[in-house]
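The values are calculated or read from the model by the stated rules, or taken from the named source; none is laboratory data. Because the structure is predicted, anything quoted here is derived from the model rather than measured. Note that we place each Cβ from the backbone using ideal geometry, even for glycine, and neighbour counts take in every protein chain shown. These area figures cover heavy atoms from the full protein model, side chains too; ligands, DNA and RNA do not enter into them. Shrake-Rupley method; radii C 1.70, N 1.55, O 1.52, S 1.80 Å.
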Amino acid sequence: MNKKIVIVGAGVAGINAATKLVDNGYPGELITIIDMGSDPHNRLPEEVMTGMLGAGGWSDGKLTYHTEIGGQLSKYCGEDKAMELMDQVINNFKRFHPKPEEIFMSDPQAEPEFIKPYFGLRLFPVWHIGSNYLHDIAKNWYSYLVDKGIQFEWETKVISINFNKNILGYSTIPVKLGKVKSFTYDTLIFAVGKSGIDFGKELAEQYVLPTEAKSVQIGVRFEAPQKYFQKLIDVSYDFKLYQKFDNVSLRSFCTNNNAAFVAVEETYGDISYNGHAKKGKEFENQMTNFGILMEIKGIEDPFTWSRDVVNKLQVGNTGLYYSPNQTRQPGLTSEGTTVSAFPINDIYYFEETLGKYADYVLNFINDMNKIFEFGDDWGMYIPEVKYLSPEPLVNYHNLSLNEYPNVHFVGDALSARGITVSGAHGIYVAESLLS
């Protein structure tokens, strides 16, 4: 155990990898974690995209417990191993939770008859950690890793990686010319989140890595009073409605209830939207929000297409907000400020930008209205997007690049789309290093 390990990204993938290593005796002094964000003691609640535990581990806290949700995992290691890895991720969140007794799992079993004429409903277990505990979890987890000797480099951006010479270039933020330093490694775990996907794409192009193109994942964040959806929430707290067509499928995604807030994400200089829920009566607003995401197949260069569409859906340096009820305006964030969004009075610009794909989203909402009867009492934040760069082809046994066996891609860099799968990636790699 004398190899120097560098982890790029302190999200759930990188942190779970580091935890597995030091739990099993790997010297923490040989592990360095580099992240563009702040440590959990100095990271602001609204700093969603970078920092300890990444975006999902800082603002969401719902851990899906099924191999068909959140990206590919079982294709690498098999179904039984995938579930065992997810168990380890969930246990880590319990381990550093200040009140683990408040964690609960929802596990709906039957699809209700009232949705069947219009939607399917995906049924799977979800562990609910509690968004208002995530910052304490991050602090407790961070303290454990620091005590184990792991070195963290916060507010630091990796500028370049030389896979041939095992050297990466990095600089403190803001990056200044002439201030880039170099760092050597024996093993590299590339665990960047959403904010680093573009960098991963650049590396794939630079080293001509074989990749698998991913479909477009784009839509809106829908918001309405919870009372309209209560009959479905009683069946499935984190419900996922879906519709499928020839080259387009739609699903509701990341449902938040009762104390539900919309969150702003900034990626590549553009604003998009997500959501999270709080616990505690002081946060209750009796609202529900969820993403309505389209997976669109057959688009040439889907990553570039997605970025172009998101850029067009910006006005005044922010995203858009639409409601057919002109009195409804963007809501408040969990910090009590108004969600950054430019209100639009009609849906024309959304339709013009997305073309025929806008109809899929609007028809999805119309079909929900037939079931839940919310009338014009709703709004949507435009856009919500999941940037999925082409996925590098990796060795299934340890998620390493075939051309560079000491470089491992995990989490969003390997097209994971959830906390549990990303963390499982990290643990899977750590186990291979330990063996």
**Q.** Residue identified as in contact (Cβ under 8 Å) with a residue 60 or more places away in the chain and within 26 Å of Phe290 (Cβ to Cβ) among Asp60, Asp35
**A.** Asp60
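One line per residue, one yes/no per condition, for (1) open to solvent by 40 Å² or more (accessible area, probe 1.4 Å); (2) within 20 Å of the chain's Cα centre (by Cα); (3) among the charged types (D, E, K, R):
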{"site": "Ile271", "(1), (2), (3)": "no, yes, no"}
{"site": "His276", "(1), (2), (3)": "no, yes, no"}
{"site": "Glu300", "(1), (2), (3)": "yes, no, yes"}
{"site": "Arg307", "(1), (2), (3)": "yes, yes, yes"}
{"site": "Lys312", "(1), (2), (3)": "yes, no, yes"}
{"site": "Val315", "(1), (2), (3)": "yes, no, no"}
{"site": "Pro343", "(1), (2), (3)": "yes, no, no"}
{"site": "Asp346", "(1), (2), (3)": "yes, no, yes"}
(Q) Can you pull out every residue in region 318-336 that is under 19 Å from Asn274 (Cβ atoms) and not polar (S, T, N, Q)? (A) Gly319, Leu320, Tyr321, Tyr322, Pro330, Gly331, Leu332, Glu335, Gly336
Q: Considering each of Ser236, Ser182 in turn, give the residue that is within 24 Å of the chain's Cα centre (by Cα) and either in a strand (DSSP E or B) or not β-branched (Val, Ile, Thr) (or both).
A: Ser236
Q: Could you grab me the full set of residues in region 379-413 that are surrounded by fewer than 24 Cβ atoms within 10 Å (Cβ to Cβ), within 13 Å of the chain's Cα centre (by Cα) and not aromatic (Phe, Trp, Tyr)?
A: Lys386, Leu388
Q) Mind checking whether some residue in region 79-100 is touching a strand residue (DSSP E or B) at 6+ places or on another chain (Cβ under 7 Å) and of a type in the set (D, E, K, R)? A) no
Q: Scan region 97-109 and report the pairs whose first residue is more than 14 Å from Asn132 (Cβ to Cβ) and whose second residue is of a type in the set (Gly, Ala, Ser), with Cβ atoms within less than 6 Å and a gap of 6+ or a chain change.
A: Pro108/Ser236
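The rows are residues; the columns are (1) open to solvent by less than 40 Å² (accessible area, probe 1.4 Å); (2) in contact with a helix residue (DSSP H, G or I) (Cβ under 9 Å, 6 or more places away or on another chain).
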site	(1), (2)
Gln72	no, yes
Gln109	no, no
Pro112	yes, yes
Phe124	yes, no
Q: Select, from Ile197, Ile292, the only residue that is modelled with pLDDT under 95, open to solvent by less than 20 Å² (accessible area, probe 1.4 Å) and within 26 Å of Pro45 (Cβ to Cβ).
A: Ile197
(Q) If Ser171 satisfies all but one of (1) of a type in the set (S, T, N, Q); (2) open to solvent by less than 10 Å² (accessible area, probe 1.4 Å); (3) touching an Asp or Glu at 6+ places or on another chain (Cβ under 9 Å), what's the number of the condition it fails? (A) (3)
Q. Out of the residues in region 59-70 that are assigned to a loop (DSSP other than H, G, I, E, B) and out of contact with any Ser or Thr (no Cβ under 6 Å at 6 or more places or on another chain), which is surrounded by the most Cβ atoms within 10 Å (Cβ to Cβ)?
A. Asp60
Q: Output the residues belonging to region 222-244 that are of a type in the set (Phe, Trp, Tyr) and either free of Cβ contacts under 8 Å to residues at least 12 places away in the same chain or open to solvent by 60 Å² or more (accessible area, probe 1.4 Å) (or both).
A: Tyr237, Tyr242
(Q) I'd like to verify a number: residues in region 400-425 that are assigned to a loop (DSSP other than H, G, I, E, B) and among the hydrophobic types (A, V, I, L, M, F, W, C), how many? (A) 2
Q) So which residues in region 348-378 are under 26 Å from the mean Cα position of the chain (by Cα) and of a type in the set (Ser, Thr, Tyr)? A) Thr353, Tyr357, Tyr360
Q) With Tyr142, Tyr207 as the choices, which residue is of a type outside the set (A, V, I, L, M), surrounded by 16 or more Cβ atoms within 10 Å (Cβ to Cβ), under 26 Å from Lys3 (Cα atoms) and within 23 Å of the chain's Cα centre (by Cα)? A) Tyr142
Q: Pull up region 1-58, narrow it to residues that are more than 30 Å from Ala277 (Cα to Cα) and assigned to a loop (DSSP other than H, G, I, E, B), then point me to the one that is modelled with the lowest pLDDT.
A: Met1
Q: Output the number of the condition that Val192 fails; it satisfies all remaining conditions of (1) in a loop (DSSP other than H, G, I, E, B); (2) open to solvent by 40 Å² or more (accessible area, probe 1.4 Å); (3) more than 30 Å from Glu284 (Cβ to Cβ); (4) touching a residue at least 60 places away in the same chain (Cβ under 8 Å).
A: (2)
